[in-house]
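Novice: My questions all concern the structure below.
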Amino acid sequence: MRAYVISALIILFLTISAVQASELKIARVEVRGEINEGTYITLQHAYDFALRKNCDALLVVLDTPGGVLSSTQKIVLLFMNSEIPVVIYVPKGAMCASAGSIILLSAHVAVMANGTAVGAATPVTIGFGSGKVENKTVNYLAGYVSDIARSRGRNAEVAKKFVTQALTLTAEEALNQNVIDFIADSEHEMIEKLNGISVNVNGRKVKFSFDSYRILEVNKPLQASIYEIISSPQLAAILLLLGIYLLIFGLTSPGIIPETVGAICLILALAGLGVIGINYIGALLIMLGVVFLIAELATPTYGVLGAASVISIVLGLLILFNEPLMPESFYNAFPKFIVGVGLGLGGILTFAVIKVAQIRKKKSPVGEVVGEKGEVIEFADGRGFVRVRGEIWSIESEEKLEKGDIVEVLERDGLRLKVRKVER
């Protein structure tokens, strides 16, 4: 009798354990729009989240017309070396073209809904003419895509035609051609069809076997949102042009606003174009903010450089911080904390600027610069600009002056100074 009770308890314990172990835990993330560096950051964050939460699979809901090859290759590398199964689902009404088709092929389980299509991964180039690229680029990409498909047990020849012939397949055609694993018209149906499927994950066989499932939503990190904005090819090009021309204009004319804005635009553009990594862009923005702050304190600009300093430092901190082991609640609180710090710093700078302005107003409104020395910034036809005590003034002189000459203020007439050249 005693042995019977013990056996019954053991069976009950094993039954309960089996039920508890039969729940499939899925980390779910959405990818919509162009594939870029922000997409990679989002997926890397989702993958780290899935590992941290001991999820059984990573589900990527994909809707993209294509994107940047370098970012696509990073995503493929992440999925090909994943320690957990990666399931990619293309829902009804979504796109999966170009870079999206390459990413779909790299999944352990690839699923599409009816009414969707995959393929058209032929590379193109920007410019006039047909937009075709060299054969060596097409051949490289075709070999790359076919090898991805082959490693996942999919039709490598059809995958190759995605690149060489811009082949496009409907969901049913993709299933018949062994490009995807099955068709599902909803996420619930897709997850239910996973039951019983086995996949190879880094040399080990993993079988989906569950009675229920639980989905954990993964929110897009703030760094990814910022990067997705600046890595838009159109915006990155605009920022690059603005940065270059504002710097040129600022360095060849009086004032500090053009070069300040230009420097920020140029750094953001270089990051968006992939020239600078996300960690470097954050560090550069923080350093630029410190330089602006020092310049504001050394050469009062009535808050222009101070505001630029606050913006640069806040952006740099938001971009730079990326610690995957922190709890999810931290990522919600940290941006608010940084914004609060930025507002506080901005308030302090505003107070300082107001005080400086009040002190200056207390000075005599006439003649406060008479006798001061300054450096000529620009001069032609008897008129120009000079920097006196960090301020830019209009000047006039009967003498012939050149840029860099030292002058002494003789008289002030409104906002214009009369000066004479002095020896260094």
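Novice: By average Cβ neighbour count within 10 Å, what is the ranking of 62-72, 108-118 from highest down?
Specialist: Numbers: 62-72: 20.3, 108-118: 21.9.
Top to bottom by mean Cβ count within 10 Å: 108-118, 62-72.
Novice: Rounded to the nearest 5, what is the percent of antiparallel bridges among the DSSP beta bridges in segment 66-205?
Specialist: Counting DSSP beta bridges with both partners in segment 66-205, the antiparallel share is about 40 percent.
Novice: State the percentage of accessible surface on segment 181-228 attributable to carbon and sulfur atoms; use a 1.4 Å probe and exclude ligands, DNA and RNA.
Specialist: Working: 1170 of 2620 Å².
C and S fraction of accessible area: 45 percent.
Novice: Could you give the size of the charge dipole of segment 134-231 about its Cα centre, using +1 on the Cβ of each K and R and -1 on the Cβ of each D and E, expressed in debye and rounded to the nearest 20?
Specialist: Values: 12 positive and 13 negative charges, 116 e Å.
That gives a dipole near 560 debye.
Novice: Then there's this: Taking a 21 Å limit on the Cα-Cα distance, which of the listed pairs K92/K160; K136/K161; K53/K220 fall beyond it? Mind dumping the intermediate values first?
Specialist: Working: K92/K160 25 Å; K136/K161 15 Å; K53/K220 16 Å.
From K92/K160; K136/K161; K53/K220, over 21 Å: K92/K160.
Novice: Ignoring ligands, DNA and RNA, what percent of the accessible area of segment 26-135 is carbon or sulfur (1.4 Å)? Working shown, then result.
Specialist: Working: 2120 of 3940 Å².
Roughly 54 percent of what the probe reaches on segment 26-135 is carbon or sulfur.
Novice: Right, next: Applying a 10 Å radius around every beta-carbon, put 99-106, 182-189 in order of their mean neighbour count, most first.
Specialist: Packing order, densest peptide first, comes out as 99-106, 182-189.
Novice: Sorted by mean Cβ packing within 10 Å, highest first, what order do the peptides 203-210, 25-32 take? Could you put the intermediate results ahead of the total?
Specialist: Numbers: 203-210: 12.4, 25-32: 19.0.
In descending order of packing, they fall as 25-32, 203-210.
Novice: Using the Cβ atoms and a cut-off under 11 Å, what net charge is assigned to the surroundings of L58, where Lys and Arg are +1 and Asp and Glu are -1? Before the final figure, lay out each step's value.
Specialist: Working: positive: K25, R28, K53; negative: D48, D56, E83.
Neighbourhood net charge equals 0.
Novice: Keeping every protein chain present and rolling a 1.4 Å probe, give me the accessible area per residue for segment 148-192 in Å². Mind dumping the intermediate values first?
Specialist: Numbers: 2190 Å² over 45 residues.
So segment 148-192 comes to 49 Å² accessible per residue, rounded to a whole number.
The values are calculated or read from the model by the stated rules, or taken from the named source; none is laboratory data. Note that the structure is a prediction, hence the values are computed from the model and not measured. All Cβ positions, glycine included, derive from the backbone under ideal geometry; neighbour counts span all protein chains shown. Surface accessibility is based on the protein's heavy atoms, side chains included, excluding ligands, DNA and RNA. Shrake-Rupley method; radii C 1.70, N 1.55, O 1.52, S 1.80 Å.
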